[in-house]
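The values are calculated or read from the model by the stated rules, or taken from the named source; none is laboratory data. Note that the coordinates shown come from a computational prediction; the quantities given were computed from them, not determined experimentally. Here the Cβ positions follow ideal geometry from the backbone for every residue, glycine too, while neighbour counts run over all protein chains shown. Just so you know, the surface numbers come from the protein's heavy atoms only, side chains and all, with ligands and any DNA or RNA stripped out. Shrake-Rupley method; radii C 1.70, N 1.55, O 1.52, S 1.80 Å.
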Amino acid sequence: MPRLFGTDGVRGLANVDLTADLALGLAQATAVVLGQGRSAEARRAAGKRPVAVLARDPRVSGDFLAAAVASGLASSGVDVLDAGVIPTPAAAFLIADIDADFGVMISASHNPAPDNGIKIFARGGRKLPDEVEARIEQYLTEPNLAPTGAAVGRIRRFADAEDRYVVHLLASLPHRLDGIHVVLDCAHGAAAGVSPEVFRDAGATLTIIGNDPDGMNINDGVGSTHLDLLAQAVIENGADIGIAHDGDADRCLAVDANGAVINGDQIMAILAVSMKERGHLTDDTLVATVMSNLGLRIAMEKHGISIVQTKVGDRYVLEEMNEHGFALGGEQSGHVIMSEFATTGDGILTGLHLVSEMARTGKTAAELASVMDVYPQILVNVKDVDRNGIHTDEILAAAVLSAEKELGDTGRVLLRPSGTEQLVRVMVEAADQPTADRLAHALADVVRERLTV
């Protein structure tokens with residue numbers, strides 16, 4: 001059987017792949033695995049029950065999935081604090097803030113509205129390691145906890161959840177945002193209630209788009225995966241910067257006053273240089289994935305900042321940061337983790353600190369983004385091939401070596417097997433787009449010729 005958990009929780013088409021029954025079962029299994037720790041046992045010894053935070057984004061399917069999760073937890077003897085529609089990083093923060101035993105976020109992030117997902121956080125608001133997810137899957141087929149009487153869990157509204165998160169975000173800022181005009185794209189998602197409030201409280205002048213969620217329009221032509229509307233709004237309104245979130249607000253991308261995209265690598269570069277200057281960048285080190293642009297590494301070298309690379313996925317960035325106590329890490333996609341203030345990627349926090357750097361330095365977004373040159377990068381997906389062959393085929397290895405020799409220090413080649421499909425991703429960076437295109441498609445042809453199943 002394939003693993004139920006993917007790289008970011010359990011995800012699928014709501015009511016087909018992700019059903020109410022599955023959500024109920026996952027909640028009950030989670031109560032067994034995470035509701036039996038030391039903190040939970042201490043609560044029971046004091047005559048109390050384990051506590052979980054529950055939150056969701058505004059997808060219509062979130063209603064029935066949240067009800068199923070709440071029922072599964074309460075029927076397993078866990079008290080549920082229902083925070084309603086709030087961002088994923090807000091849920092993670094609240095778990096730590098109230099010292100809950102664990103938490104559940106119902107969201108499919110940047111996916112379209114018919115999809116949904118279940119993300120589970122451990123105590124402290126941290127993502128689960130693979131082995132804990134495997135135990136939860138195991139307990140889906142094991143007997144459930146079935147307390148009776150007073151031991152049954154209660155479901156209550158987490159009334160001040162949003163206020164706690166807003167206060168936390170504002171307290172993190174090194175500089176107010178007064179005098180800066182921001183266009184904010186909330187992706188018709190979980191950021192709609194919180195992000196405008198906190199940017200206004202921080203002093204920014206706001207124009208808001210993507211802020212009318214109806215349950216079906218989340219990520220629909222807006223948000224961090226669709227930046228054209230944001231760029232247009234920035235130019236039309238004469239704004240200084242545009243900030244885009246995704247559906248659950250754990251990502252942040254931006255556009256400058258001219259509508260040019262500022263991606264996650266550029267945002268990390270800006271924040272890393274600022275944090276080093278202010279003495280907040282642990283060991284002068286940034287954590288990024290192997291997919292981060294070559295320009296990021298070159299820029300960081302110029303500023304005396306080391307880069308530790310991980311596999312693709314914010315969970316691997318988080319693991320490296322947690323193990324070594326690093327302060328900043330993230331992905332090109334806009335998952336940026338600032339460990340002093342968050343246990344996961346936080347798009348609102350990232351956007352606030354990016355705009356705060358504009359206010360602190362007096363520089364425009366374009367001037368800040370110029371800290372790094374973005375090398376042309378092309379990604380080609382080659383389907384229906386033996387993904388494991390990239391490690392053993394000698395002719396393919398020779399082709400990669402030849403491409404790397406041609407690029408020298410001005411580019412790089414990366415071949416990655418998909419984690420779920422018979423597919424190989426070919427990525428090439430070069431000093432110019434034609435070279436990147438030519439080499440990427442040439443290598444893709446070799447992969448297709450040598451590894452076709």
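Tabulated data for the structure shown
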{"read-out": "Positive-end residue, the chain charge dipole about Cα centroid, Cβ charges, pick of ASN116, ALA366, THR350", "value": "ASN116"}
{"read-out": "Estimated dipole of the chain in Debye, rounded to 20 [Cβ of Lys and Arg +1, of Asp and Glu -1, Cα centre]", "value": "1120"}
{"read-out": "Computed lengthening from THR392 to LYS48, 0.36 nm per intervening residue step minus Cα-Cα distance", "value": "118.2 nm"}
{"read-out": "Centre separation in Å (Cα based) which lies between the stretch 45-97 and the stretch 192-228", "value": "24"}
{"read-out": "The stretch 287-307-the stretch 383-398 distance, computed between alpha-carbon centres (Å)", "value": "28"}
{"read-out": "Dipole magnitude (debye, nearest 20) for the stretch 220-316, charges at Cβ of Lys, Arg, Asp, Glu", "value": "420"}
{"read-out": "The stretch 45-131 - charge dipole about Cα centre, Lys and Arg +1 at Cβ, Asp and Glu -1, debye rounded to 20", "value": "60"}
{"read-out": "Pairwise FRET efficiency - ARG438 versus SER402, Cβ, R0 = 22 Å, nearest 0.05", "value": "0.95"}
{"read-out": "Helix-derived mean residue ellipticity, 222 nm - over the chain, DSSP H n ≥ 4, -39500 (n - 2.57), to 500", "value": "-11500 deg cm²/dmol"}
{"read-out": "Rounded to 5, the percent of DSSP beta bridges in the chain classed as antiparallel", "value": "55"}
{"read-out": "Burial order of peptide ranges 94-105, 206-217 (average beta-carbon count within 10 Å, highest first)", "value": "94-105, 206-217"}
{"read-out": "Fraction of beta bridges assigned by DSSP in the stretch 218-332 that are antiparallel (%, nearest 5)", "value": "45"}
{"read-out": "Percentage relative contact order, the stretch 1-120, counting C-alpha pairs under 8 Å, at least six apart", "value": "35"}
{"read-out": "Pairwise FRET efficiency - ASP201 versus HIS303, Cβ, R0 = 30 Å, nearest 0.05", "value": "0.40"}
{"read-out": "Links that overshoot a 28 Å alpha carbon limit, given the list LYS127/LYS405; LYS127/LYS311; LYS302/LYS383; LYS119/LYS363; LYS302/LYS405; LYS311/LYS363", "value": "LYS127/LYS405; LYS302/LYS383; LYS119/LYS363; LYS311/LYS363"}
{"read-out": "Contact order normalised by residue count of the chain, Cα under 8 Å, 6+ apart, percent", "value": "12"}
{"read-out": "Förster radius 22 Å - calculated FRET efficiency between THR364 and GLU236, Cβ distance, rounded to 0.05", "value": "0.80"}
{"read-out": "Beta bridges by DSSP in the stretch 1-125, antiparallel share as percent, to the nearest 5", "value": "45"}
{"read-out": "Rounded Å value of the spacing that divides the Cα centres of the stretch 153-176 and the stretch 362-376", "value": "32"}
{"read-out": "Label-zone membership for the stretch 74-114, site ARG154, 7 angstrom Cα→C-beta point, backbone N under 12 Å", "value": "79-81"}
{"read-out": "Sequence of SER195, SER75, SER370 when ordered by accessible area, the most exposed leading, probe 1.4 angstrom", "value": "SER370, SER75, SER195"}
{"read-out": "Contour minus Cα-Cα distance for LEU414 and ASP163 (0.36 nm per residue)", "value": "86.0 nm"}
